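Notes for the one structure printed next.
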Amino acid sequence: MKMLWLGFARWWRTHVTLRVFGLLLLAQAVSAVMAIMSLTSSLIADLGVNAPLFQSMFNYLSLGLVYGSILICRRQKPLIPWYWYLLLGFVDVQGNYLVNEAYQYSSITSVTLLDCWTIPWAMILTWFIIGTRYSIGQYVGAVLCVIGLGLVLLSDAGIAGGGGTKPILGDILVIGGTFFYAMSNVGEEFCVKKKDRVEVVAMIGVYGFLVTVVEGSITELKTVESIKWSTDLVLSLVGYTASSFLFYTLAPFVLKLSGAALFNLSLLTSDMWAVVFKIYLYHQEVDWLYFLSFAIVVIGLVIYSTTEKEPVAASTIENGNVEAEYQVLNDESAESRNESLGR
């Protein structure tokens, strides 16, 4: 055992750089924030409010106001056409809508378990859209993360036992939501790596708010009018909005430094952070599997991060010409495109 520990310590010093360690810490901060989002969203559902679009509207409004004000102060023209941002805002809203709606029919344990479907969706989409290639070590790390999540959910099932009024419907909603989440993450990764982070978050807020207002006025108007307001509900909405705002603020950093796959792998620990919050807020006991699962997920994240392939250059040379590897999203002229590629 001592030799095994020494070998692991030597491998850690060799492969885990300060950048990787900082990236993992940042990713876990985002995961902890997502755990707060899940807890507050579950609390809102427990209070009898079934208006996921209305629930998300305040987050998009705050993002648009804060980051939009920064863009106005910069007097900066959008780097990407509006219709791409509209599409990005649309898929992001649908992901939030479907997953938040799932809490009405399924347990938080089931929602968290099926939320890991975002990982294969993200890896598939980044493979085909962005051209990301994964190493064997990254696949091993991803599998370890999912195994670790399975252990903590097994622990949760032993304590809470699942539940939900319509679990099958809830499961379908979550799986659909994860596909939209993956599209949103991949689109946001592309934008923050190629364009401006502040602009991306601002436009997600602006167009996300517009989409929620239009959809909500059609599907949730009567529900919102019938809401019985209370102090607990207001505090839950404030908590959800604040945590969502922080989530959308920090997430682009992880997406830019690594990618959508590591981002979603890191979010697997959000269920573990939720357990931590339950311990301190509700004084609940946790099973020993929780500690084992947390260790396995951390090891999986480290393996994924340290075996990441070197990023491919943003342009390739073919027949003596420089060609962009990614599709150009804005209507630049050929001359300005060549200047951006350093010709």
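So if each residue of separation counts as 0.36 nm, and I subtract the Cα-Cα distance between L79 and R133, what length gain in nm does that give?
Result for the pair: 16.8 nm of gain on full extension.
Could you tell me how far the Cα centroid of region 34-85 sits from the Cα centroid of region 206-230, in Å?
Here the answer is 13 Å between Cα centres.
Ignoring everything but the protein chains, give the 1.4 Å probe accessible area of V302 in square angstrom, nearest 10.
0
Could you check the spin-label model distance between L210 and T231? Points 7 Å from the Cα along Cα→Cβ, value in nm.
4.0
Net charge near Q104: determine it from the other residues with C-beta under 14 Å of the C-beta of Q104, scoring Lys and Arg +1 and Asp and Glu -1.
Neighbourhood net charge equals -3.
I need the chymotrypsin sites (Phe, Trp or Tyr not before Pro) found in region 199-247, filtered to DSSP loop residues with at most 13 other beta carbons within 10 Å of theirs.
Answer by residue number: W229.
What shape does region 198-257 take by its C-alpha gyration tensor, where a ≥ b ≥ c are the square roots of the eigenvalues and a/c under 1.5 counts as rounded, a/b above b/c as prolate, and the rest as oblate?
oblate
The values are calculated or read from the model by the stated rules, or taken from the named source; none is laboratory data. None of the values given here were measured: they were computed from a predicted structure. Neighbour counts run over all protein chains shown; Cβ positions are idealised from the backbone, glycine included. The accessibility values were calculated without ligands, DNA or RNA, using every heavy atom of the protein model including side chains. Shrake-Rupley method; radii C 1.70, N 1.55, O 1.52, S 1.80 Å.
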